[in-house]
Amino acid sequence: MGLEAKNLSFRYSKKQPWILKDCNVTVERGQRLAIFAPSGYGKTTLSMLLAGYLEPVEGQVLLDGKPLPGKGICPVQMILQHPERAVNPRWRLRRVLEESGTLKEEMLRDFGIERAWLDRFPRELSGGELQRFCVARALMSGGEYLICDEISTMLDVITQAQIWQVVLDEAKKRNMGLIAVTHNYYLAERIATGILDLTAENVD
Amino acid sequence: MRLGNRRKKLILLTVVMALIFIAIYAFGILIPEEEIAGSFLEARRPPSPSHPFGTDALGRDLLLRTFKGLSVSLTVGFAASAVSAVIAILVGIGAAAGARWVDGVMNWVIDLVMGVPHTILIILISFSAGRGLKGLLIGIAATHWCSLARLIRGEVLQLQSQPYIAVSRKLGKSSGWILVHHLLPHLLPQFFVGLILMLPHAILHEASISFLGFGLPPEQPAIGIILSESMGYLSAGLWWPALLPGLTLVLLVLLVDNLGEQLQKLLDPSSAQE
């Protein structure tokens with residue numbers, strides 16, 4: 001049970017090589033899995049397949065034995081790698097956050113989001129500041145699984161630690177399943193209960 | 001500093017435009033028919049203090065006729081470009097958000113309408129719709145939506161590939177909600193700028209179709225009619241019936257065009273801070 005990918009294969013078109021071939025991943029609630037690989041091994045593609053942003057060419061993604069729901073708030077939430085593209089540039093950040101529910105004070109405090117930022121436009125904040133909003137937005141939606149696609153790559157180490165602390169706390173508190181995608185083997189070892197190394201998978 | 005200047009310039013232009021529109025409309029409504037009737041004693045007078053634009057071959061005051069004509073042109077221009085812009089946004093969204101075959105059909109229609117020269121198409125449509133003001137309105141409204149529709153279609157396609165739209169879907173938002181909250185705020189500026197930039201086009205087309213004799217009836221003091229009549233007198237040395245009303249039309253069109261461009265620069269996020 002939990003969130004599982006069965007014999008997942010994906011390529012963008014029939015002319016292109018397989019990005020993922022017969023990939024199997026399972027995460028239970030409460031588990032933390034790190035997916036580790038260098039650039040170009042399909043980490044982001046795998047996360048997008050698991051979160052339902054892409055449809056697999058072969059194989060399937062199952063949540064507790066059933067396919068992911070097509071409507072309503074998805075129980076598997078993904079935080080994208082580029083926060084500046086994951087928010088509407090014409091929306092103030094208060095609206096960005098409220099897209100996933102009502103604002104929670106303690107969430108703002110935990111992520112170090114300042115009140116003044118809420119009335120600004122995305123253009124006026126840095127990537128790291130925006131990423132906090134994206135993480136907060138994903139957590140506020142009340143999902144059961146969280147997929148973090150290199151969410152801390154653009155942050156300095158102090159902010160990285162701060163954000164991961166909040167994410168891990170929240171995941172533990174709500175018994176969420178967590179998938180963290182990263183380049184950084186040390187980070188993977190530090191945060192995860194299990195590590196999936198895509199380089200070891202049979203990808204041509 | 002420059003932002004303030006552009007804003008100020010835009011506000012100034014808008015005020016000037018509004019005043020001109022009101023003046024032209026007021027002129028058009030307030031001038032009694034007898035004033036334009038004129039007399040043969042006054043015929044073919046060059047511009048003078050009592051007739052700033054001179055008089056035509058029938059002794060009618062050209063300033064009054066020009067403004068009366070412009071009020072008709074503006075009505076046609078406004079109505080036709082508003083209808084056209086609404087068609088454009090519906091077609092644009094329909095093509096981009098609908099099924100693939102809808103997009104195919106819409107694109108085919110856009111290509112078809114754009115492929116035929118506008119003037120000929122307007123003549124044909126206005127002729128088959130009964131000529132006069134109604135025919136012209138339908139003709140202009142039915143031909144001017146294409147490029148704006150194409151622009152909006154492209155914009156919607158580009159927006160739909162944005163990650164934040166995908167995120168919004170995963171947060172449980174419906175397509176309708178996404179259209180209203182995510183897409184429309186991006187499309188409205190395009191819509192308004194397109195509308196304003198379409199206005200001079202519509203006015204010029206109205207004038208040119210009337211000039212060619214397929215638009216408004218000859219007794220109506222439209223700017224195209226005045227210009228068309230003046231051509232016959234140009235070789236006789238009567239330069240003012242062609243030059244002055246024509247110049248007024250060009251000035252009005254340039255002013256509207258400038259207003260549209262200022263608005264575009266102000267609403268476009270990439271240049272809004274300049």
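Remind me, relative contact order of region B:1-147 in percent, using alpha carbon pairs under 8 angstrom and six or more residues apart? Dividing the mean separation by the residue count of region B:1-147 yields 17 percent. Specify the angular offset, from 0 to 90 degrees and rounded to the nearest 10, of the alpha carbon long axis of helix B:184-212 from the longest principal axis of the alpha carbons in chain B. The answer is roughly 30 degrees.
Legend: calculated FRET efficiency, A:K6 to A:F121, from the Cβ-Cβ distance at R0 = 56 Å, rounded to 0.05, equals 0.85.
Placing dummy labels 7 Å off each Cα toward the beta-carbon, the span from B:R7 to B:V109 is 4.1 nm. Across region B:1-122, Cα-Cα pairs farther apart than 22 Å form 62% of the total.
In terms of accessible area, using a 1.4 Å probe and ignoring ligands and nucleic acids, B:H144, B:H201 rank largest first as B:H201, B:H144. For chain B, the relative contact order works out to 24 percent when only alpha carbon pairs closer than 8 Å and six or more residues apart are counted. Roughly how far apart, in whole Å, are the Cα centres of region A:1-31 and region A:157-204? Using only Cα atoms, the two centres lie 18 Å from each other. Basic side chains Lys and Arg get +1 at the Cβ, acidic Asp and Glu get -1 at the Cβ, and with that the dipole of region B:127-208 about its Cα centre reaches some 280 debye.
Among complete DSSP H helices in chain A, none has alpha-carbon atoms stretching at least 27 Å along the helix's long axis together with a mean Kyte-Doolittle hydropathy reaching -0.5. Remark on chain B: Rg and Dmax equal 22.2, 79 Å (Cα only). Rounded to the nearest whole Hz, the Karplus-based 3J(HN,Hα) values (6.51 cos²θ - 1.76 cosθ + 1.60, θ = phi - 60°) of region B:78-89 follow the sequence 4, 4, 5, 6, 5, 4, 4, 5, 5, 4, 4, 6, with x at glycine and proline.
When peptides B:67-74, A:11-18 are sorted by average Cβ neighbour count within 10 Å, with the highest value leading, the order is B:67-74, A:11-18.
Peptide B:170-176 is shielded by partner chain Cβ atoms: per residue, an average of 6 of them sit within 10 Å of its Cβ. Between the residues B:A99, B:G28, B:H51, the greatest Cα displacement towards the positive end of the dipole of region B:1-147, with unit charges on the Cβ of Lys, Arg, Asp and Glu, is found for B:A99.
Over all distinct Cα-Cα pairs of region B:27-67, the Kirkwood formula returns a hydrodynamic radius of 9.9 Å.
Put the Cα centre of region A:109-144 next to the Cα centre of region A:69-100 and the gap is 10 Å. The heavy atoms of A:R95 present about 100 square angstrom of accessible area, all protein chains included, probe 1.4 Å. Along the axis of the charge dipole computed for region B:106-241 (Cβ charges of +1 for Lys and Arg, -1 for Asp and Glu, origin at the Cα centre), the listed residues B:V113, B:L199, B:Q162 are led at the positive end by B:Q162.
Within chain A, DSSP assigns beta bridges of which about 40% are antiparallel (rounded to the nearest 5).
Based on the reciprocal of the average 1/r between different C-alpha atoms, the Kirkwood radius for region B:131-204 equals 14.3 Å. Within region B:87-102, find all residues whose amide N lies under 13 Å from a label point positioned 7 Å from the Cα of B:L267 along Cα-to-beta-carbon. In region B:87-102, the label zone of B:L267 (backbone N under 13 Å from the point 7 Å along Cα→Cβ) covers B:89. If R0 is 60 Å, the Cβ-Cβ spacing of A:E114 and B:A37 corresponds to a FRET efficiency of close to 0.25. Using Cβ point charges alone (K and R +1, D and E -1), the dipole size of region A:81-204 about the Cα centre works out to roughly 600 debye.
3J(HN,Hα) along region A:74-81, derived from phi through the Karplus expression 6.51 cos²θ - 1.76 cosθ + 1.60 where θ = phi - 60°, amounts to 6, x, 9, 9, 10, 9, 7, 5 Hz, with x in place of Gly and Pro. Each Cα pair under 8 Å and six or more residues apart adds its sequence gap; the mean of these over the residue count of region A:81-179 is a relative contact order of 33 percent. The 3J(HN,Hα) values that the Karplus relation (6.51, -1.76, 1.60; θ = phi - 60°) gives for region A:182-195 are, in residue order, 7, 8, 9, 5, 5, 5, 4, 4, 6, 9, 9, 8, x, 10 Hz. Gly and Pro appear as x. Relative to the longest principal axis of the C-alpha atoms of chain B, give the angle of the C-alpha long axis of helix B:2-30, reported between 0 and 90° and rounded to the nearest 10°. Around 50 degrees separate the two axes. For B:E155, B:E33, the ranking by accessible surface with the largest value first comes to B:E33, B:E155, using a 1.4 Å probe.
Computed about the Cα centre, the dipole magnitude for the protein assembly as shown is approximately 320 debye when only Lys and Arg (+1) and Asp and Glu (-1) carry charge, each at its Cβ.
Just A:S126, A:S152, A:S47 to compare: in a GNM of chain A, with alpha carbon springs under 10 Å, which one fluctuates most? Judging by the Gaussian network model, the answer is A:S126. DSSP beta bridges confined to the protein assembly as shown are antiparallel in about 45 percent of cases.
Distance distribution P(r), the protein assembly as shown, all Cα-Cα pairs, bin width 20 angstrom from 0: 20, 37, 24, 15, 4, 0 percent. Measuring max minus min along each principal axis, the C-alpha atoms of region A:57-196 give extents of 44, 37, 30 Å (largest first). The calculated 222 nm mean residue ellipticity attributable to helices in chain A amounts to -8500 deg cm²/dmol, summing -39500 (n - 2.57) over DSSP H runs of n ≥ 4 and dividing by all residues.
For B:I20 and A:A200, what does the FRET efficiency come to when R0 = 45 Å and r is the distance between their Cβ atoms, rounded to the nearest 0.05? Efficiency, rounded to the nearest 0.05: 0.05.
The values are calculated or read from the model by the stated rules, or taken from the named source; none is laboratory data. Predicted model, so just to flag it, every value in this text is computed and none were measured. Reconstructed Cβ throughout: ideal geometry from the backbone, glycine too, with neighbour counts over all protein chains shown. To get the accessible areas, we keep the full protein, side chains included, count just its heavy atoms, and leave off ligands, DNA and RNA. Shrake-Rupley method; radii C 1.70, N 1.55, O 1.52, S 1.80 Å.
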